[in-house]
Each structure stands twice: as C-alpha cells, then as structure tokens.
Amino acid sequence: MTKNILLTNARLFRANDDSLIDDGTVLIKDNMIRYSGPTKDFKDNSTDLFPVDLNGQFLMPGMTESHAHLSYSNNGPTELEKTPVEEAMLNSMDNARVMLGSGFTSAIGFGSVHRIDVFLRDAIKNGQIPGPRLKASGRDLGSTGSNADLTPDYARPDIDGLGMFCDGPYEVRRGVRSMAKNRVDVVKIFLDGECMCDHAQPGQLTYTDEEVAAAVDEAHKRNMKVACHSRSAAAVKQAVIHGVDYIGHANYLDDEALDLLRKNKDRVFVGPAIAWELKFMEDPYCLGFAPTQKQIEAYAKEVEATISSVKKMKSVGVRVLVGGDYGLNVTPHGTYAKDLEYFVRLFGMTSSEALLCATRDGGAAFDSSGMLGTLEEGKLADLLIINGNPLEDITVLQNHDQITAVVKDGIVHQNLVGDSPYIQNDLAKLSQEADTITRKTSKGKPFLEKVI
Ligand SMILES: [Zn+2]
C-alpha cells in the first residue's frame, strides 16, 4: 500500500509567488501534492504518514527545459547529423537521464534529429529509462535555403537527419501531417536565419505568411504545438500573428513586436536561448570552425540586443523561459542550469524571478491545464530537494552534487548524474537503505535496483 509521504523541515519555495517558507511541509500522496505550506498550518492526524525530515534543505518545483535538444550528441552545430542514428539514440537516453538529474523534470522539444524525441518520450513515459516528461519535437521544418537547410546540394546526405524542407503552404501542410503521423508533439519551424548562415540571416524571412499560417493551422488541428526559430522583430511578429506557441530567441524587438507579444502574453512563451552565443563570445573558435570577424561582431551585437529585449519583455509581463540549445559541444548536456545564472547576471532578474521562469512559467508552457510548475495542492509531485539555497546563490543548481533528489510524478531519483550509484524508488524509501544489485548503463554508470 502506498503511504502518504510527509516532507518536513524544508525551506520551501512553492513558486506560486517569490516567497520562501522557512519551515515548510509538503504532503504527497501517490503522484500528487496534497499539502504545501507552513508546517504550523499543517493539520492531518492520519497515522499512515511516512515522514522524511529534510533538515532544512531547499524544496522547490522541478524545472522545465523549454528548448530541449535531447537528440543532440554534444557535437558542433554543423555536425548534428553526423552521429549515426543508432548512436544518437543511445546518447539521447543518457542525455535524458542527465537532464532529469540536473533538476529538469519536464522538457519541451525544440527540434529532434531523425525521430528520436518521439521514441525517447515513449521510453521515459513507460519507465524504461529515467528522463524528463517530454514534449517530443519533430525534425526542423524549414524552406529550401532556410537556416534549417544548411548542407549544400552537392553534399546532401541520403538520410532523414535534422532538416525537413517544405515549400509552399500545401507542402508545409504535408510536412506537418507527416509529423502528426509520426506522433510528434511539437512542430519546430524556422522563420528567419542566423548570423552564422550566409544564405539566411536574421531578419530574412524564410517562410511567407501563407506558409506559416498553414503550418500552425495544420499543427493545432492535430493537437500539436508549434515552436519557432525567430531572431528578428519581423520573424517574431510573423510568429505571434499566426499563432506560434513557443518563440525561440526573439533577440531583436521593435515596438510593434513588443506590443504584439504583450497583447498575446497569456498564450505565448519566449525563450532567448543564448547559452551557446555566450560561449562563442568567450572563444569564437570553440565551435570547431573559424568564423569571420563580421560574424563575431554580429553575435556580439545580438547578445547585447537580447539583453535589452528580455528586459523589455519582462517589463510588460511576457513570460520568458529558461533553457535552450544545450547539447552542443560548447553547451554540453548537464549544464542546463547555467541559464538561470544568465537570467540573473545578464538579464537583471532576481534569483527568485529566475526560479519562477524555470518552474511556474516553464510548467505553464508545458501544461496549460496547470498541473506543473508550482508546489500546490492538486499539482503533480515534481520537485527538487537541494542541499543549498538557490535564492542566495543561483549557481548551486549547476552543481549536481547539491541536488539531493529529483522527484518526478512521485518517484524519487537520486544520483542520476555523477559517480554515486543511481537509485530510483518510491518516496517511502527516500531515507531508507535498500538492498541493491548493480548493472551498468550505456556509459558504465552503476545502476542500482532494489532486490525483489
Ligand atoms: Zn535550438
């Protein structure tokens, strides 16, 4: 029989506002939160409560990686299709474990190599492998000559890979329909270019209004969400006007784009995702090829513009999400929580504001029915126990050793990342020793199971 689990003596950040409860209690039954608040207000005299004393550790909701590329194998941006699909699939299983172990209990796919996201989502859902609750993305949908279409025609590989090229509204509909057939949750579409991409720069719209409208209409009819790559104000406007759900980047905003975002702030989410650009600024040769001086200067300007744009969006109440483009050689899997540091250091947010972006707002982006992102009665039990205080130092979330446990759907995961034995169990075993056997995961990490 499942017991009701009582987490006591917690510094509790519920993420329904920016407050911290010094002596907090959370009651979990099965996979749901049944109480979350001050210990002094908790009244339940049931005899079947299993208490776990957190000794003052920090308790917060699980975070959402809002621009996830779990199928990327920590390679350079032009090498994404070079990992064989079999190896990429295995890597993605490791990446899912690492993402969950990094405190991200949910992830919104923003483009997947081959059809990996879909199969990964199912394996996680079925309990075959540990990983975040995943909205599976499809391949990158773009026009011929868009930023999704990077390989010259003479070198085009004979595999599906990452880019899917569709031109014209009817072909775009066919592309989206094929994603529906392949059980994708999120259609990723490229609306403009990239400073690195000579044939499609930011501001150069690579789809017409008709094509974008067709993609969104077809996706929404089939209960899929739409995520986009939009760096320029023009591409952001196109995204908002045609009903895109998740806008990636939004580096450059004019007054009209900001106003459109403000008017649609209840339904649209924006994720700046500039982690790799910051690494590129530190070392322009880090991606594995030599950029031109013009490109280096363009990215420096883009980072400056992004800082200004995020501040503007925050001032008008647009929800800005954490995460983005981790899984490249310069932004390896496991470093996702660096984004919260960027939110504080670059975008001028307080630590609690950055936490709210990662939890409350990310949860709302993932699940509009409101089951995720805060620790409140009636929500799913996705939470993190942290040995440290992210409100005082947001970087503690980057240290996997300080993540005592990650709870997803009421299941406790400990030591998902690092050298200690991985343990998955129900909450009743959180503070109990379990007899274990050891087997190995794909990268040799010890994997412990309870002896039955
Ligand atoms: Zn991306």
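The values are calculated or read from the model by the stated rules, or taken from the named source; none is laboratory data. Please read these numbers as outputs of a predicted model, since none were measured by experiment. Ideal geometry is used to build each Cβ from the backbone, glycine not excepted, and the neighbour counts take in all protein chains shown. The accessibility values were calculated without ligands, DNA or RNA, using every heavy atom of the protein model including side chains. Shrake-Rupley method; radii C 1.70, N 1.55, O 1.52, S 1.80 Å.
Below are the figures for this structure:
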{"item": "For the stretch 340-423, diffusion coefficient by Stokes-Einstein and Kirkwood Rh (Cα), 37 °C, 0.692 mPa s, µm²/s", "result": "237"}
{"item": "Hull volume in cubic angstrom per residue (convex hull over the Cα atoms of the stretch 21-113)", "result": "139"}
{"item": "Low-density loop positions, trypsin sites (Lys or Arg not before Pro), the stretch 86-141 - DSSP coil, at most 13 other Cβ in 10 Å", "result": "none"}
{"item": "Residue-wise HN-Hα coupling along the stretch 27-39, computed from phi with Karplus coefficients 6.51, -1.76, 1.60 (Hz; x: Gly, Pro)", "result": "9, 10, 10, 6, 10, 10, 8, 10, 8, 8, x, x, 4"}
{"item": "Summed residue charge, Cβ within 14 Å of D23's Cβ, Lys/Arg positive, Asp/Glu negative", "result": "0"}
{"item": "Sum of -39500 (n - 2.57) over DSSP H runs of 4+, divided by residues of the chain (222 nm, nearest 500)", "result": "-8000 deg cm²/dmol"}
{"item": "Probe 1.4 Å, accessible area per residue of the stretch 63-366, Å²", "result": "36"}
{"item": "Using θ = phi - 60° and Karplus 6.51 cos²θ - 1.76 cosθ + 1.60, couplings along the stretch 125-130 (whole Hz; Gly, Pro as x)", "result": "4, 7, x, 6, 9, x"}
{"item": "Helix axis angle, 209-221 relative to the chain longest principal axis, alpha carbon, degrees", "result": "30"}
{"item": "Counting DSSP beta bridges with both ends in the stretch 63-366, the antiparallel % (nearest 5)", "result": "5"}
{"item": "Loop-located trypsin sites (Lys or Arg not before Pro) in the stretch 1-77 whose Cβ has at most 16 other Cβ within 10 Å (DSSP)", "result": "K3, K43"}
{"item": "Surface share of carbon and sulfur [accessible, 1.4 angstrom probe, percent] for the stretch 63-366", "result": "51"}
{"item": "All aspartates and glutamates inside 16 Å of K379 as judged from Cα atoms, apart from same-chain residues fewer than 8 positions distant", "result": "D17, D30, D361, D367, D409"}
{"item": "Descending semi-axes in Å of the stretch 63-366, equivalent ellipsoid built from Cα gyration tensor", "result": "24, 22, 21"}
{"item": "For the stretch 73-80, Karplus couplings with θ = phi - 60° (6.51, -1.76, 1.60), whole Hz, Gly/Pro x", "result": "10, 6, 10, x, x, 9, 10, 4"}
